[in-house]
Amino acid sequence: MKKILKNVLLFSALIGSVNCLALSAAAVDVATANTSVMADAADVVYSGTCGAEGDNITWTYNESESTMTFSGTGSMEKYYVSRWDTDGYNNPSIVPEWLTDSRISVYQARTVVFEEGITEVGKMTDDYFGCENSQCFLEVPESVTSLDFSNVTNSLALYGLDGSWFYGFACKSYTKGNYSKRRYVSVGTAKNPVYPTSGSCASGATWTYDYPNRELHISGSTIRIDEMPQLPCRKIVFEKDFIPPENKFYEHTDLNTFVMSITLRSPNEIRQIYCYPNSPFAKEYEKIIASTEDDGCSYADVLKCNYLPDDTGICGDVNLDGKVNLLDSVLLAKAVNGSVTVNDMQKKNMDCDGSGEIDIDDVTTLMQFLVHAVDSLPVKFE
């Protein structure tokens, strides 16, 4: 009897252990299931259509990632545009669907993505983003050839492909006033770029263009204003061998029209013009500045050209501004007495007497040059 009771107790204990294991397993399953549901619930996505008549485009708003994605082919619906019917009456403009969708309580996208295949976007507003006074992100593919974000007040990081239509549009939108709010970020190069990286013109000049730095380099015989490449340049460099076209500003002057036109800058212009000291372009530019100063007025505020350092150097140009004048003699005297330090290029330009040494004789020679006692530098005295 005791043996039977012992076996019953052992069997009961075994059953209890099995039940505990089953309950534990069930608890794990329930916990896993609940986790899965929470994960699915966190990734809330809404979608709808937004294509123009006949075009298939959908919008997808991922609430958890604050991302709006437009996909499909063709043109998007034009929002906030006045529409006139056949009788000449103005119909109400269309409001974006994602703002009227009852499922979306608060629309707060920080990233807007247009996928490859979309060609026209139209005028964008802050309603595309839904968040005020914050950094937002805009991704635009190569296929887009029409878009306007001028009415977007948020700071934008503009992601695009170098050489694409959007590359040019985004870079051309930079001005001094909004540069900090518009930042183009390259994500590669377009397969079929609309902005070439090199070319030539009928007048004889050749040019190269660098996408990342937005630099246009022009060299060769000459180029007319109407032959200038239409590129989103931040920097235009006229090389040492470039010769400006021989056209005059007006009949009784020898001022060069091309140089005046190309160096003329508007107040919000960020494009900079560069040339090399003593180059044909630099000589024409300096002639214009000097003539206006002689007339009692100055174009220096509206005509601006920067000088690039010349590897060969200009003897006497101690401050490396591309000119030799009294400022250089003052700096040379300070360098000789040790009150200022200079770099290697400056030292090369300071050897005005060609002796190979920098001393007081170089100061004397430079002063003689400035008062036209000697015609050129360096001058070697026997």
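By the beta-carbon count within 10 Å of each Cβ, the least crowded to most crowded order of Leu366, Leu331, Leu308, fewest first, is Leu308, Leu331, Leu366. Take every pair of alpha-carbon atoms less than 8 Å apart whose residues are at least six positions apart; their mean separation over the length of region 313-382 yields a relative contact order of 33 percent.
Determine the shape class of region 315-358: with a ≥ b ≥ c the square roots of the Cα gyration tensor eigenvalues, call it rounded for a/c under 1.5, and otherwise prolate if a/b is greater than b/c, oblate otherwise. It comes out rounded by the Cα gyration axes.
For the cross-link pairs Lys191/Lys240; Lys287/Lys348; Lys323/Lys348; Lys172/Lys304; Lys123/Lys235; Lys78/Lys172, the ones whose C-alpha atoms lie over 25 Å apart are Lys191/Lys240; Lys287/Lys348; Lys123/Lys235. Shown for Ser150, Ser102: other C-beta atoms within 10 Å of each C-beta, ranked fewest to most, produce the order Ser102, Ser150. Footprinting exposure proxy ranking of Arg214, Arg110, fewest other C-beta atoms within 10 angstrom first, gives Arg110, Arg214.
No value in this document is a laboratory result; all are computed from the given coordinates. Being a predicted model, the structure only gives us computed values, none of them experimental. Because the Cβ atoms are built from the backbone with ideal geometry, glycine has one as well, and the counts that use them run over all protein chains shown.
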